[in-house]
Amino acid sequence: MPNAMDYSNNSTPTWCPGCGDFSVLRSIQTAAAHLAIAPHQMAVISGIGCSGRISGYLNVYGFHSIHGRALPVAQGIKLVNPELTVIAAGGDGDGFAIGTAHTVHAIRRNIDMTYVVMNNQIYGLTKGHTSPLSTTGFVTKSTPYGSIEAPIKPGMIALASGATFVAQGFSAYQEQLVEILTRAILHKGFSFVNVFSPCVTFNKTNTYQWFREHLVNLDEMNSHDPHDFQSAINRYISTDGLFTGILYENDDPDYYSKLPGERGTSVVHQDLDISNQFDTLMQ
Ligand code: SF4
Ligand code: MG
C-alpha cells in the first residue's frame, strides 16, 4: 500500500510558511495513496499563480501550463489518455478570471477528471491584489477604498453549468479534504472542488481563524442530501457559500460514455480517418 510520500518528488515548495496550498498538496498525495494510484497513471496539470507550482512538487506526470489554461490542457491529456487519473489545479484568479470560460465549459462537458481550485480570494503571486472572489469591501493595493464589486460564487457557477460533482474543502480540515478528493477522483465525471486555502501573507481578512468561525460542515448536517439539486442550491444560498463537504453529485453519464462507437478508448488508438477533415479545412 503506497503512502503520501510516494507521491512527493522531494522538491521543497517555495510557498510561504503557513500557506494553505501545503495542505492541498498533501491531501492530493494522501488521496492518491488511499486509492493506490500508480504514479505513472496520474497527471496533475496546473495554471499560473502560487498554487500553480503544485504540479512541480508531485511524483506523477505534471504540466505547469499557462494562465487560466490548465483545464484545456488537462482535458486534452484525459481525452487521449483516458486511463490516466487527471487532476487540474489552480487558483481563484486562474479559474474565475482569465480562465472562467474554460471552467464553465469543462464543467458542462463532464470529462472524467477532477478540478481543484485553491481559493485564497486574492492574487498572491502578484503580491496581493483583489481577485474575482474577493469579498465586497476588500482592501488591497488595487482596491485601496475597498472592492465595490460582488464576488463570483464558484459553487453556484458549477451548479448552473451542469456540474455532476461539487464540493468544498478547507486547508485546515485536512481529513475531510482528503475524503472529498478521494470521492472526487472516484466520481465518474467532472469533479469541481473549491478549497478555501488561505494566503497568510496577503489576505489578512479571510484567515484560518476567520474560516473556522464561519464555515459550516455539511457532514454534520443529517438533513443535507447531496443528490438533491434544489437542496444544493438552497444550501449554498443559506450558508452564503461558506461550507465544507460535498454539496452535490449525480450519476449523469460522463463525456466518454456518451461518445458513439467504442467507448472509453483512447482516441490515439482509434483508427481515425481525418483526411476528409483536412480536405475540408483546405477548401
Ligand atoms: Fe501562499 Fe499567499 Fe505566500 Fe502565495 S503569497 S505562497 S498564496 S501565502
Ligand atoms: Mg488566488
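Here are the numbers:
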| quantity | calculated |
| --- | --- |
| Tally of Lys pairs whose C-alpha atoms are under 24 Å apart, taken over the chain, 8 or more apart or cross-chain | 9 |
| Cα radius of gyration and Dmax for segment 88-172 (Å) | 13.5, 43 |
| Rg in Å to one decimal, and Dmax rounded to a whole Å, for the chain via C-alpha atoms | 18.9, 62 |
| Placed amide H near Met42: partners under 5 Å, 5+ positions off or other chain | Tyr61, Thr85 |
| Alpha carbon Rg of segment 146-266, scaled by the compact-globule rule 2.2 N^0.38 Å | 1.18 |
| More than 22 angstrom apart: percent of Cα pairs within segment 1-93 | 23 |
| Exposure proxy order (Cβ contacts within 10 Å, fewest to most) of Asp254, Asp6, Asp225, Asp21 | Asp225, Asp6, Asp254, Asp21 |
| Burial ordering of Ser23, Ser46, fewest other beta-carbon atoms within 10 Å first | Ser23, Ser46 |
| Sorted largest first, extent of segment 26-153 alpha carbons per principal axis (Å) | 50, 28, 23 |
| Gyration tensor (alpha-carbon) shape descriptor, segment 57-102, a/c threshold 1.5 | oblate |
| Cα lying deepest toward the dipole's positive end in the chain, options Thr114, Ser257, Gly241, charges on Cβ | Gly241 |
| Ascending count of other beta-carbon atoms within 10 Å, so fewest first, for Ser142, Ser134, Ser65 | Ser142, Ser65, Ser134 |
| DSSP-defined antiparallel bridges as percent of all bridges, the chain, nearest 5 | 20 |
| Per-selection Rg to Rh, segment 128-196 - Cα, Kirkwood hydrodynamic radius | 1.10 |
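Every read-out reported here was derived from the displayed coordinates using simple, explicitly stated rules and does not represent laboratory data. In this text the structure is predicted, and so the values were computed from the model without any measurement. Positions of Cβ are backbone-derived with ideal geometry, glycine not excepted, and every protein chain shown enters the neighbour counts.
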